[in-house]
Every structure is written in structure tokens, then in C-alpha cells.
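Written out below as C-alpha cells is the structure these notes cover.
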Amino acid sequence: ALGNAAAGYLQYMMKDGDVVGVSMGSTLHHMVSSLKNPGTEDVTFVPLIGGMGRLRTELHANSLAESLAKFYGGMFVPLHAPARVSSRQIRDELMREESLLSAIGLFGRLDVALVGIGYPNDHSAIQATGYFKENEIDSLIERNAAGELCMQFYDETGETTAFRGDNMVIGIDIHKLRKIPRTVGIAGGLWKLPAIRGAIRGKYINTLITDVQCAEALASEE
């Protein structure tokens, strides 16, 4: 249902010529599957994080961005790198890799970003795709990680300081999401309230697609 709602919203607000960034996850996968009647032209789609591997490839940002480009007849700019690597040194070197700069260079030109809001648990997309091991998830929970955007973690206030050492992601820095004109977070379920709350408090998203229960709970906190 969230994917269907997100598909309707995307088709309503996306404009000709937009540059659209796409993260990963099952909700975004359902959004892509729910799209109907393309009516926008000359749109460029770019993954917000890399995505290579053998597990659940349909949930990866590259797969989702490519599917969107095919649906709209637009341009797909791939980010052919793992979503997460084993050290900060490798990450820093890959972020300077010339073959990746065509995608990375678009991060500063995004009109729209579509992001799933995750949280650390045994059923999350970050574990399903093989990028985080069970002991890493346990460590994040112990340090009060409330949620993640583009595989980068924050607490319930939106603060990321405690998790900087975990950021070995090839992709957009979470703080740059604040500069995008329309950053759409898509998530539901009361168990995700801390993750959604942190994304809002951190100003990483400025548009939220969620369910009635979450919306009511958030509104009652105002």
C-alpha cells in the first residue's frame, strides 16, 4: 500500500527534465512495481548508493533506478560499486574513482530523492542484501541507532555522530539530503516510528509517505 501511494505521488509531482535519486529497499521496490501510465519526459535517474552483489538484487538502488528509467523512457546513470565496502580508505578511494564520477556528480543536481527509511533489525533490507552482518546490527541497536537512510544511521534526534565509524557507504552523504528540494521518505508501521521521527528531526526528509497510524502518532507529538 505504501509503494502504491508513493507511485501515485511520484507521478503527481515529478516534472519533465528532473534528476531523481533513488535509494534501496522493499518499499521502493513496491513503488516501482505500482507505477502506471508514464507521463513525464527527459527524466534522469541515479542511484543514491551503489549496489552490487548476489542477494536480493531487486532491492538494490541500481536495479530500482534502472527500472524507473525504463518505465519513463529516461536516462539511467549507474553507480557500479558496492553499496558498502570494508574500510573508510577503500570508500574514500572509490568516491574519487573516475568511472563513478558521472553518477556521484549528479548528487549535487538532484531535484528529487526517493528514500526508504530503515531501522536495524533481523529482517531489514540492509541485512537481506548481505551488507550488514547480524553482529553489526546488534552493535547498532546497542548504540541506540533509531534508523537509517542510504545505509547511514542516526539516533532518534537525527544525530549521526555515534555512527560515523560505520559509514563505509559508496553513495550520497546523508547530510546532503537536506539540500535536495524534495526528499521523499517512504515508511510505515508503528515499529518504525523512532526511525521516521529521527529522519524528520534530522531534516533529512521534507516529505513523508506513511500510514494513518504513524501519521496520527507523529501528529499527536506536535
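The values are calculated or read from the model by the stated rules, or taken from the named source; none is laboratory data. None of these values were measured; they are calculated from a predicted model. Positions of Cβ are backbone-derived with ideal geometry, glycine not excepted, and every protein chain shown enters the neighbour counts. Heavy atoms of the whole protein, side chains included, go into the accessibility calculation; ligands, DNA and RNA do not. Shrake-Rupley method; radii C 1.70, N 1.55, O 1.52, S 1.80 Å.
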### Message
Cross-link candidates for residue 133: which lysines have Cα within less than 23 Å, leaving aside residues fewer than 8 places away along the same chain?
### Response
192
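Taking square-rooted eigenvalues a ≥ b ≥ c of the alpha carbon gyration tensor, is segment 1-63 rounded, prolate or oblate, where a/c under 1.5 means rounded and, failing that, a/b exceeding b/c means prolate?
Details: a/c = 2.53, a/b = 1.39, b/c = 1.83.
It is oblate, given that a/c is not under 1.5 and a/b is not larger than b/c.
For the chain, what is the per residue volume of the convex hull drawn over the alpha-carbon atoms, in cubic angstrom?
111 Å³
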### Query
Zone of residue 109 (label point 7 Å along Cα→Cβ, backbone N under 14 Å): which residues in segment 1-26?
17-21
### Message
Please give the charge dipole size of the chain, origin at the Cα centre, charges +1 on K and R Cβ atoms and -1 on D and E Cβ atoms. Round to the nearest 20 debye.
### Response
280 debye
### Message
Leaving out ligands and nucleic acids, and using a 1.4 Å probe, what accessible area per residue does the chain come to in Å²?
### Response
47 Å²
### Query
Taking only C-alpha pairs under 8 Å that are 6+ residues apart, what is the relative contact order of segment 17-109 in percent?
29 percent
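Over the chain, what is the mean sequence separation of C-alpha contacts under 8 Å (at least six apart), divided by residue count, expressed as relative contact order in percent?
21 percent
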### Task
Determine, for each peptide in 2-9, 144-151, 108-115, 133-140, the mean count of other beta carbons within 10 angstrom over its residues, then list the peptides with the highest first.
144-151, 108-115, 2-9, 133-140
### Query
So what is Rg over Rh here for segment 135-194, counting just Cα atoms and using Kirkwood for Rh?
0.96
### Summary
With R₀ set to 22 angstrom, the calculated FRET efficiency between the beta-carbons of residue 159 and residue 215, to the nearest 0.05, is 0.35
### Task
Kindly provide the trypsin sites (Lys or Arg not before Pro) of segment 1-105 that DSSP labels as loop, not H, G, I, E or B, and whose Cβ sees at most 15 other Cβ atoms within 10 Å.
15, 36, 54, 96
## Note on the structure
Placing each pseudo-label 7 Å from Cα in the direction of the beta carbon, residue 191 and residue 99 end up separated by a distance in nanometres of 3.9 nm
### Message
Ignoring ligands, DNA and RNA, please state the percent of accessible area on segment 1-82 from carbon and sulfur, probe 1.4 Å.
### Response
51 percent
### Query
How much of the accessible area of segment 141-218, probe 1.4 Å, is carbon plus sulfur, in whole percent?
52 percent
